[in-house]
Every structure is written in C-alpha cells, then in structure tokens.
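For reference, the structure is listed below as structure tokens.
Nothing in this text is a laboratory measurement; each read-out follows from the coordinates by a stated rule. All values reported here derive from a predicted model rather than from experimental measurement. Positions of Cβ are generated from backbone atoms using ideal geometry, with glycine treated the same way; all protein chains shown enter the neighbour counts.
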Amino acid sequence: MRGKAILLVFVCTIFSALGQLFYKFSSGAFEFNIFSLISNYNLILGLFFYFLGALLLILALKNEELSKVYPFISLTFIWVFILGVIILGEVVNPFKVAGTLVIIGGVSSIARG
C-alpha cells in the first residue's frame, strides 16, 4: 500500500475514534427528539469527526484496493481503547491487551501483503 493511502486511513481511524469518544460523551444527554439531537453538541462533534474520517477513507480508497485499505480501520479499536483508558478511566485487562496485540499483528500482516 502506498504511503499516502496509509497516512490517510491512519488519520481516518483517529477521527473515527474521536467520533466514538464524543458519542460516549453525548450519551448522557441523549434523547430521541429533534430538539435534543440538534442541541447535543457532543453528538454533533461526534458526527463531525466521523464525517472527516469518512472523507479521508474515501480519499485513501481512490487509488488503493478496498481489501488493502479497509483492514486498517480496525486500528480505530486501538485508539478507542487508549482514549477510553486515558480519558474515561476505563480498566485495562489482559484480554483487552491481547486483543489489541492481535489487531496490530493483523494490520501489520495485511500491510506487508
């Protein structure tokens, strides 16, 4: 995979993880009515970050194969794990660490192939 596509999808995963973080922040005030939805700034920020991530993914896909680019999206799980621990105080356990290492190994294998 070319360096530009890797960089684009890498940044895409960071934006997607930030989107998830802001979705979590928005969940405390989430109500399913139009006024609540448009005034929930954390939800709007989450959607914005997801939108930016989607744009970067589309740019990465422009000149690369889907089967090479898309597995990198799994890096989002790693960023969400890190953000959850650092910002939300979520607990690290051996299963989460093992899963993270498996994801890193899988992405590394695909990047070489």
Using helices alone, I'd like the mean residue ellipticity at 222 nm for the chain: each DSSP H run of four-plus residues gives -39500 (n - 2.57), total over residue count, nearest 500. -25500 deg cm²/dmol
Restricting to lysines and to Cα separations under 28 Å from Lys62, and discarding same-chain partners fewer than 8 apart, the set is Lys4
Provide the net charge surrounding Leu56, with neighbours chosen by a C-beta distance below 12 Å and charges set as Lys +1, Arg +1, Asp -1, Glu -1. +2
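What relative contact order, as a whole-number percentage, does the range 33-113 give when Cα pairs under 8 Å and 6 or more residues apart are counted? Kindly include the intermediate steps, with their values, before the conclusion.
Numbers: 20 pairs, mean separation 23.2, N = 81.
For the range 33-113, the relative contact order is 29 percent.
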Can you report the principal axis dimensions of the range 3-112 using only the alpha carbons, biggest first, rounded to whole angstrom? 47, 37, 18
Can you tell me the Rg and Dmax of the range 32-72, counting just the alpha carbons, in angstroms? 14.7, 41
